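Student: Dropping the structure in here first, questions after.
The values are calculated or read from the model by the stated rules, or taken from the named source; none is laboratory data. These numbers were taken from a predicted model, which means no experiment stands behind them. Here the Cβ is made from the backbone with ideal geometry for all residues, glycine too, and neighbour counts use every protein chain on show.
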Amino acid sequence: MALDKAFVMVMALAFLLFAVAFILAPEYALTLTTGQTLTSATAIVDLRATYGGLSLAIAILLFWLLAKQQLLPIALIAVLTLMLAMAATRLIGLLLMPDAAIIMYVYFILEVAAVLTASWLLRRNKARALGADKQ
């Protein structure tokens, strides 16, 4: 399996794992990922829909893009866009609230690593395509 396809697969599986956790056990998933708890039924329903539903949609989209080799660059762009948006908004949160739990900094580092990896893979693929065109 090519590195770019493996990377998108790992990202899709990560989103699927978050989706399953937040759909089946949103309170536990929230406590595990942030150390916080919710008691309101409305908040739990929203958590299930937002974190679970959105993560599930992203996972499905990435798996669908992986199904066709010619869509792999779009899958990489999708991962880059998603992770860049997550990293940027998490950075805003961390700048506004620097005393956030260490896990938020860990997530930020992972998101930036995903952005850098997706960017590198896209540049590598573009360079390969340009090299193939010259032959």
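Student: Quick one: count up the residues across the range 70-105 that are of a type in the set (Val, Ile, Thr), farther than 21 Å from Ala6 by Cα and touching a residue at least 12 places away in the same chain (Cβ under 8 Å).
Tutor: Going through the range 70-105 one residue at a time, the tally reaches 1.
Student: Among the residues of the range 95-102, are any part of a helix (DSSP H, G or I), within 20 Å of Leu16 (Cβ to Cβ) and aliphatic (A, V, I, L, M)?
Tutor: Within the range 95-102, none of the residues are part of a helix (DSSP H, G or I), within 20 Å of Leu16 (Cβ to Cβ) and aliphatic (A, V, I, L, M).
Student: OK, next. Please return the ranges of helices (runs of 4 or more DSSP H) entirely within the range 1-56 where 3 or more residues are exposed (fewer than 13 other Cβ atoms within 10 Å of the Cβ). Before the answer, list the steps.
Tutor: Values: elements: 3-24, 26-34, 41-47.
Ranges flagged: 3-24, 41-47.
Student: Failed condition for Gln70, given (1) modelled with pLDDT of 95 or more; (2) over 16 Å from Phe22 (Cβ atoms), with all others met?
Tutor: Here Gln70 meets the rest and fails (1).
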